[in-house]
Amino acid sequence: MSTYTGPSLVIWHGNGHNEMSLVQYVKDANADSFACNEAQNLLTPLRDIEGHRLTVAGRGWTEDIGRAKSTCIVTRNAHENLGKLTRKVSERVPSVIKVAPGRVLVASFYAHPVATALGMEGVAHFALHPDAGPWLREDDASHPVVREYREALNSTRTHMKAARDDGLLPILTGDLQVGAGHRKAWGPRPQLAKPLGLGVRVVGIDWALFGTRVVPVAFSTRRLFDHTGFVISFRPREG
């Protein structure tokens, strides 16, 4: 068996609870792209990381305490910028605003040798942090939090499919609020993995979803404040 020596795509993810340890994790990573959740109070030090650019919701968002900006992506400047996306994908639920403040999908599009090897234009790294709460594990599909969670995943699926149809390699990482065993109809597997044909890797409630045109070749984790961050490396699938 030959040893793979070609390019790898290195994707990192972490929910940092707005602690500076997340900034250090991003600095240590020097990843191709790094998705951050619960990072709205860390935007200045993240933006100041040398050799990188920050994708985050801009002006005009009205979410309480800046939570529209809680999800962001840090991308290496060495990779040509092919665009970005910030899209509100669910509405706030006022009765439980702490766990359902309205959520924003973030994506960074960039050129990368792995995408080039696959005959694709670039990578589309999506980051998501949808609504939380015990209702996601119960049977009431009509609960407002479940409704908005489903809407967030539905919208995410639409944008990931559009990116793929446009010649990009879609990958999603995020704190998706449920574990690997979640099997409700509104969960990540039926809403994202199955219809898009994505592979899945889950650490606690943090997920990576990726297409079958790439193969994971390395995976490692680091404990953050109350989540476990991870790095996952991919190579092009042969044949």
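The values are calculated or read from the model by the stated rules, or taken from the named source; none is laboratory data. Every value quoted in this text rests on a predicted model; they were computed, and no experiment measured them. Cβ coordinates were reconstructed from backbone atoms using ideal geometry, including for glycine residues, and neighbour counts include every protein chain displayed. Ligands, DNA and RNA are excluded from the accessible area calculation, which covers all protein heavy atoms including side chains. Shrake-Rupley method; radii C 1.70, N 1.55, O 1.52, S 1.80 Å.
A quick yes/no check of all residues on (1) aromatic (Phe, Trp, Tyr); (2) in contact (Cβ under 8 Å) with a residue 40 or more places away in the chain; (3) touching a strand residue (DSSP E or B) at 6+ places or on another chain (Cβ under 8 Å):
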residue: Ser155; (1), (2), (3): no, yes, yes
residue: Ala163; (1), (2), (3): no, yes, yes
residue: Pro190; (1), (2), (3): no, no, no
residue: Val203; (1), (2), (3): no, no, yes
residue: Thr212; (1), (2), (3): no, no, yes
residue: Phe219; (1), (2), (3): yes, no, yes
residue: Thr228; (1), (2), (3): no, no, yes
residue: Phe234; (1), (2), (3): yes, yes, yes
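For His159, the conditions (1) open to solvent by 60 Å² or more (accessible area, probe 1.4 Å); (2) within 24 Å of Val114 (Cα to Cα) all hold with the exception of (1). Set side by side, the residues Asp48, Asp64 differ, and just one is modelled with pLDDT of 95 or more and acidic (Asp, Glu), which is Asp48. Here Pro144 meets the list (1) under 17 Å from the mean Cα position of the chain (by Cα); (2) under 25 Å from Lys98 (Cβ atoms) almost entirely, failing just condition (1). Residues in region 1-38 that are open to solvent by less than 20 Å² (accessible area, probe 1.4 Å) and part of a loop (DSSP other than H, G, I, E, B): Gly16, Ala31, Asp32. Within the set Arg189, Arg213, Arg223, Arg237, the sole residue that is surrounded by 15 or more Cβ atoms within 10 Å (Cβ to Cβ), over 25 Å from Lys88 (Cα atoms) and of a type in the set (Lys, Arg) turns out to be Arg213. Between a residue in region 118-137 that is small (Gly, Ala, Ser) and any residue that is surrounded by fewer than 19 Cβ atoms within 10 Å (Cβ to Cβ) and not in a strand (DSSP E or B), which pairs come within a Cβ distance under 8 Å, given they are 6 or more apart or on different chains? Final answer for the pair search is Gly122/Glu80; Gly122/Ala111; Gly122/Gly167; Ala124/Arg164; Ala132/Val99; Gly133/Val96; Gly133/Val99. Taking His17 as the residue in question, decide whether it is touching a residue at least 12 places away in the same chain (Cβ under 8 Å), of a type outside the set (Phe, Trp, Tyr) and either under 23 Å from Thr228 (Cβ atoms) or touching a helix residue (DSSP H, G or I) at 6+ places or on another chain (Cβ under 6 Å) (or both). Yes, satisfied. Against the conditions (1) buried (at least 19 other Cβ atoms within 10 Å of the Cβ); (2) more than 21 Å from Ala117 (Cα to Cα), Ile171 satisfies every one except (2). Residues in region 59-79: is at least one touching a residue at least 60 places away in the same chain (Cβ under 8 Å) and within 19 Å of Asn15 (Cα to Cα)? Looking through region 59-79, at least one residue is touching a residue at least 60 places away in the same chain (Cβ under 8 Å) and within 19 Å of Asn15 (Cα to Cα).
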